[in-house]
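What follows is a single structure, written as structure tokens, with notes after it.
The values are calculated or read from the model by the stated rules, or taken from the named source; none is laboratory data. Since this is a predicted model, take the numbers as computed values, not measurements. Heads up, the Cβs are rebuilt from the backbone with ideal geometry, glycines too, and the neighbour counts pull from every protein chain shown.
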Ligand code: NAP
């Protein structure tokens with residue numbers, strides 16, 4: 001199949017840590033251009049722009065990866081689709097569900113591909129967990145996603161602003177695994193959101209879920225104030241007594257206390273392999289399930305004010 005000429009919009013942490021090296025190593029893609037408001041460039045890119053709208057004018061660009069904060073993604077993705085470019089959306093794919101629906105409809109209308117990337121789903125351990133849970137009734141779910149925001153998000157003020165999602169920025173990774181592995185849909189039953197007195201986004205959240213079948217104990221705890229060891233675990237127990245634990249953000253899996261998968265994450269390599277397939281098939285992939293849970297958690301969430309937080 002043809003080589004995909006691609007551009008990256010927003011050269012922040014995830015673009016530098018993952019998109020740039022992964023595109024370089026994938027023979028199906030060629031980085032043609034980058035756009036960076038701060039004027040950053042990259043040796044692999046033939047063109048560099050300050051304004052992404054100029055990048056979108058390049059006729060040879062087939063697709064763009066939008067690696068900005070979520071608050072501005074919708075407008076950029078819209079402009080890209082209207083300019084005839086397919087789009088890869090970093091997670092969270094937009095600021096609201098309506099924006100995401102709009103992108104899905106627009107992509108269909110202009111005949112281009114839109115791809116919502118939920119990177120935590122791209123793990124063998126997640127695939128194996130999904131297979132192991134298929135057909136079973138879930139009795140217990142405990143998601144523990146606790147990390148140190150000062151370590152993982154230094155200087156990222158957008159994350160604390162409205163629409164930055166706060167602790168749901170990492171928490172949505174856990175939810176993207178939950179929606180992938182659960183054998184039936186999961187709903188938010190209640191939600192408690194802890195907002196620092198000086199911030200517009202939550203630093204911690206406690207969620208209770210429900211499912212159509214069973215009266216399970218289904219919960220998630222997200223916290224950004226964790227220092228020392230970091231925890232990204234999902235424990236599941238079925239009514240039939242099967243126990244399963246995903247650890248290390250979904251890259252390792254134990255079933256019945258026995259290690260089944262232990263891998264170094266290669267999530268973005270898998271994301272770009274999938275993007276290649278979607279571009280070749282001219283097919284969009286828009287998974288709204290993780291994003292709906294976040295929206296629901298905010299919609300019915302009880303707001304609790306906690307101590308001011310400075311990073
Ligand atoms: P970041 O380091 O703050 O980078 C975001 C970049 O987007 C900025 O550096 C800026 O780059 C550009 N940007 C900011 N405001 C913009 C605007 N108004 N218009 C256009 N571009 C703008 O954030 P990040 O950690 O890379 O996260 C970006 C997205 O990736 C988020 O949605 C996040 O959830 C997701 N993500 C992050 C990680 C991670 O480990 N950090 C992992 C997975 C997914 P320029 O100055 O170069 O334009």
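Worth a mention:
- Counting only strands (runs of 3 or more DSSP E) that fall entirely inside segment 1-90 and contain at least 2 residues that are more than 18 Å from the chain's Cα centre (by Cα) and more than 9 Å from the ligand (Cβ to nearest atom), the qualifying elements are 4-9, 29-35, 47-49.
- Any hit, segment 161-181, residues being within 13 Å of the ligand (Cβ to nearest atom), in contact with a helix residue (DSSP H, G or I) (Cβ under 6 Å, 6 or more places away or on another chain) and at positive phi: yes
- Considering (1) at pLDDT 95 or above; (2) in contact with a strand residue (DSSP E or B) (Cβ under 9 Å, 6 or more places away or on another chain); (3) under 25 Å from residue 131 (Cβ atoms), the lone condition that residue 176 does not fulfil carries the number (2).
- Tabulated pairs, segment 143-159, first under 28 Å from residue 218 (Cβ atoms), second more than 8 Å from the ligand (Cβ to nearest atom) and at pLDDT below 95, C-beta under 8 angstrom, 6+ apart or interchain: 149/311; 153/311
- Taken over segment 234-252, residues that are under 20 Å from residue 134 (Cα atoms) and surrounded by 18 or more Cβ atoms within 10 Å (Cβ to Cβ) amount to 11.
- Check on residue 107, touching a residue at least 40 places away in the same chain (Cβ under 8 Å), under 21 Å from residue 231 (Cα atoms), more than 11 Å from the ligand (Cβ to nearest atom) and surrounded by 19 or more Cβ atoms within 10 Å (Cβ to Cβ): no
- Matching residues in segment 144-170 - criterion: being closer than 26 Å to residue 244 by Cα and outside any strand (DSSP E or B): 147, 167, 168, 169, 170
- From the list 43, 62, 101, 105, the lone residue that is within 28 Å of residue 266 (Cβ to Cβ) and at pLDDT 95 or above is 62.
- Any chance residue 126 is closer than 30 Å to residue 257 by Cβ, over 13 Å from the mean Cα position of the chain (by Cα) and within 16 Å of the ligand (Cβ to nearest atom): yes
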